[in-house]
Structures are given as C-alpha cells and as structure tokens.
Amino acid sequence: MSDPSPAPAAPLPKGLFIVIEGIDGTGKSTQVKRLGEWYASLGREVLLSREPTDGPWGRKLRESASTGRLSPQEELDCFLKDRRQHVEEKIRPALEAGKVVILDRYYFSTMAYQGARGFDPAEIRRMNEAFAPRPDLLLILDLEVEAAHERIGHRGDSANEFEKRESLQRCREIFLSLKDEPFVRLVDSSGSLDEVSGRILEVVKNF
Ligand code: TYD
C-alpha cells in the first residue's frame, strides 16, 4: 500500500480590505455599517472594526481625548501601538480567512491628524506601511469643514472653534492629497446618508 499522496496546497483565501476615512462629521461609522451589511447580503463574511480600537492603547487614546494629557509624540506612539496590535490580532487573521474587512479609520487618519499636529505625513505613512498592510480600497468621505463641523453640533466663532476648524481643514487637505492614488476613491459626502451610501456602492461595484 502506498502512502496517500499529499493533498494539493489549498489556494490562499483572499480577503478584501476596505478602509473608510474622512474628517469628523462625514458619516464614516454609518457608512462602514451599511457597506458591511451589503457585503453580508452577498454572503461574504465581514469584519467591521475601527481605530482607535477598544484595546488598551485605544482606550488610553480615547481617555486622553477628554483629559488631554498626552504629548503629540506620546499620542503618535499610542496610535502606532494600537494599530500594530489591531493588524496582528484582527486585520491579518480576518484577511487570511478570506473575510471582507472594513475599517472606520486607519493609518491615513494618523497622517491627517498627527500631520495636522506637526508631524510629516509622508514620514508617518512610511512608519505605518512598514507593518500595516495597505488596503485594497480606500474611500475618503469628503465634506467641507464647515458642513462637517456643523453636523457634529459645533458652531460658533470662539477662538477654540476657529482653531478646531483650522486643524480639520489641514486634515482634509492631507486626506485630499491621497486622492489620485490608484487604490483611493473620493466620495462626496454632502447630502443624505442614503445618497452617500448610494455613491459608495457605486464605487465599490465598479472597483
Ligand atoms: P473617532 O473614531 O472619530 O472618534 P469617536 O468614535 O469618538 O467619534 O476617532 C477619535 C479621534 O481620533 C478622531 O478625532 C481622530 C483621531 N485619530 C487620530 O488623531 N489619529 C489616528 O491615527 C486615528 C485612527 C484617529
């Protein structure tokens, strides 16, 4: 009796990796959920996740948003540690299992927000791409700062509000600087949630 011949190597399952980015108030979290539901309706297994995560580094970052204790450097380090853990424990395993992974924010937010705090966006990108896989598709939800800011209930002309808008303006510009890359699509996020979902589905179907 001869030994059974080794089973042919199974083809590597290939997941799909989509990231949704944009400044606060562009409706990312709703759109991530809806896109996930659409893929699930096609019978795909879906992992929805977000950054900062709910892990220890992400929690530290969320807490600091209200207490304001972290220096720009500490904050950057925390985002990187949070992301390393996210990539290793969730993102890679899900992609290897063939799932559709959809993230609400990823390292493009670090480029934009920590870029707006004075770091070089290109350098931040390099640090991230050393360990974090690039998505197959990056959807940038784009909206004017004034409109986005009003959607999240901020109005007014105090110095603080002005500063916030200035910094969001810088974030928007950094996001927009990515728009011509082959894996990036810009999505107009004005109008209703349904209109924006429609635009996203259009992009995803044609991608
Ligand atoms: P967000 O998910 O928008 O917060 P919430 O769930 O409270 O609405 O993200 C929190 C903040 O973190 C947001 O202002 C953007 C910022 N952020 C960075 O500054 N750098 C990053 O790398 C990421 C992922 C987020």
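The values are calculated or read from the model by the stated rules, or taken from the named source; none is laboratory data. Keep in mind that what you see is a predicted model, and the values were worked out from it rather than measured. Counting neighbours? That spans all protein chains shown, and the Cβs are built from the backbone with ideal geometry, glycine included. All accessible areas refer to the heavy atoms of the entire protein, side chains included, with ligands and DNA or RNA removed. Shrake-Rupley method; radii C 1.70, N 1.55, O 1.52, S 1.80 Å.
Which members of region 65-88 meet the condition of being under 17 Å from residue 50 (Cα atoms) and more than 12 Å from the ligand (Cβ to nearest atom)?
Residues satisfying the conditions are 84, 85, 87, 88.
Name the residues in region 148-171 that are among the small types (Gly, Ala, Ser) and either in contact with a strand residue (DSSP E or B) (Cβ under 7 Å, 6 or more places away or on another chain) or closer than 10 Å to residue 23 by Cβ (or both), would you? Give the derivation first.
Let us first name the residues in region 148-171 that are among the small types (Gly, Ala, Ser), namely 148, 153, 156, 158-159, 167.
Scanning region 148-171 gives 148, 167.
Which ones in region 47-64 are more than 12 Å from the ligand (Cβ to nearest atom) and open to solvent by less than 50 Å² (accessible area, probe 1.4 Å)?
47, 55
Does at least one position in region 90-103 carry a residue that is within 11 Å of the ligand (Cβ to nearest atom), touching a Pro at 6+ places or on another chain (Cβ under 8 Å) and not hydroxyl-bearing (Ser, Thr, Tyr)?
Initial filter on region 90-103 (within 11 Å of the ligand (Cβ to nearest atom)): 103.
Remaining after also requiring touching a Pro at 6+ places or on another chain (Cβ under 8 Å): 103.
After this cut, where a residue has to be not hydroxyl-bearing (Ser, Thr, Tyr) as well, the list is 103.
Yes: one or more hits.
So if I check each of 23, 91, 18, which one is touching a strand residue (DSSP E or B) at 6+ places or on another chain (Cβ under 7 Å), touching a residue at least 40 places away in the same chain (Cβ under 8 Å) and not in a helix (DSSP H, G or I)? It would help to see each step written out before you state the result.
Working: 23 fails: touching a strand residue (DSSP E or B) at 6+ places or on another chain (Cβ under 7 Å); 91 fails: not in a helix (DSSP H, G or I).
Just one listed residue meets the conditions, 18.
Just name the residue that is modelled with the lowest pLDDT out of those in region 65-80 that are surrounded by fewer than 16 Cβ atoms within 10 Å (Cβ to Cβ) and part of a helix (DSSP H, G or I). Before you say what the answer is, go through the steps one by one.
Filtering region 65-80 for residues surrounded by fewer than 16 Cβ atoms within 10 Å (Cβ to Cβ) gives 65-69, 71-74, 77.
Among the residues that remain, those that are also part of a helix (DSSP H, G or I) are: 65-67, 72-74, 77.
Values: 65: 80, 66: 77, 67: 80, 72: 93, 73: 95, 74: 95, 77: 97.
Checked region 65-80; the qualifying residue modelled with the lowest pLDDT is 66.
Against the definition (within 30 Å of residue 16 (Cβ to Cβ) and touching a helix residue (DSSP H, G or I) at 6+ places or on another chain (Cβ under 8 Å)), how does residue 193 come out, yes or no?
Values: within 30 Å of residue 16 (Cβ to Cβ): yes; touching a helix residue (DSSP H, G or I) at 6+ places or on another chain (Cβ under 8 Å): yes.
Taking the combined requirement at face value, the residue satisfies it.
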